[in-house]
Structure formats: structure tokens, C-alpha cells
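Enquirer: Shown below is the structure under consideration.
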Amino acid sequence: MTNINYIMDMTKSFLDGEIDCISYWLDFPYEIEKRYRKMVREDREYAELIYDYLVEEGTDKYNDLTDAQFKKLIRKQYKYIKDVASEGFM
């Protein structure tokens, strides 16, 4: 799951303060677009979950939120994805 791991690691780096808000907001959708087909081949359910929660309900909300609110939202979405994945939907 190289591409999925890359995307989740990128999000973790943002949450850990290694990537700033604007860079994450700009780079994350690009990386998803570039890797999505490969992610689906790796694990369709996981890829769709990431797209739904970190793009549609995550980075797409950036313009409506402060940086702190955006980071809080991404943290919540990231945690949800990790929780679902650990329950073994895959």
C-alpha cells in the first residue's frame, strides 16, 4: 500500500507540524489526483475513505475555516480513517 501510506504519512506530517496549512491544502489534492488510481488498486475501500474524508470533507473545506479549525478538522478526519482501518474493513 505504498501510495495509501504516502498519503496518510503526508497527513501525519501536516498534523505533526512538519507541513504548514497552505502547503498541505495545495499539495494534498494534487497528490491524491496523481495517486488515486494506484490507491484504488491497493485497496478500494481505504482509497475511497481517504478521498471522502480528507478531500471532500477535509481540504475542500479549507477556505471556510481558520488554520486552527482546518487542522482540527483534518486531525478528526485522519483519526476516523485510522480507527475504521484498524477495525479491519479492508
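Enquirer: In segment 19-31, is there at least one residue being touching a Gly at 6+ places or on another chain (Cβ under 7 Å) and assigned to a helix (DSSP H, G or I)?
Expert: There is no residue in segment 19-31 that is touching a Gly at 6+ places or on another chain (Cβ under 7 Å) and assigned to a helix (DSSP H, G or I).
Enquirer: Does Y24 fit the bill of being modelled with pLDDT of 95 or more, under 10 Å from the mean Cα position of the chain (by Cα), among the hydroxyl-bearing types (S, T, Y) and surrounded by 14 or more Cβ atoms within 10 Å (Cβ to Cβ)?
Expert: Here the answer is yes, as Y24 does meet what is asked.
Enquirer: Scan segment 14-59 residue by residue and report those that are over 14 Å from K72 (Cα atoms) and polar (S, T, N, Q).
Expert: S23
Enquirer: Could you check segment 1-24 and list, in sequence order, the residues that are in contact with a Lys or Arg (Cβ under 6 Å, 6 or more places away or on another chain) and more than 17 Å from L65 (Cα to Cα)?
Expert: Selection gives N3 alone.
Enquirer: Residue by residue through segment 38-71, note down the ones that are in contact with a Ser or Thr (Cβ under 9 Å, 6 or more places away or on another chain), farther than 16 Å from N5 by Cα and assigned to a helix (DSSP H, G or I).
Expert: F70
Enquirer: Provide a single number: the residues in segment 30-79 that are closer than 15 Å to T11 by Cβ, exposed (fewer than 14 other Cβ atoms within 10 Å of the Cβ) and of a type outside the set (D, E, K, R).
Expert: 1
The values are calculated or read from the model by the stated rules, or taken from the named source; none is laboratory data. What you see is a predicted model, and the numbers here were worked out from it, not measured in a lab. So basically every Cβ, Gly included, is an ideal-geometry build from the backbone, and we count neighbours across all protein chains shown.
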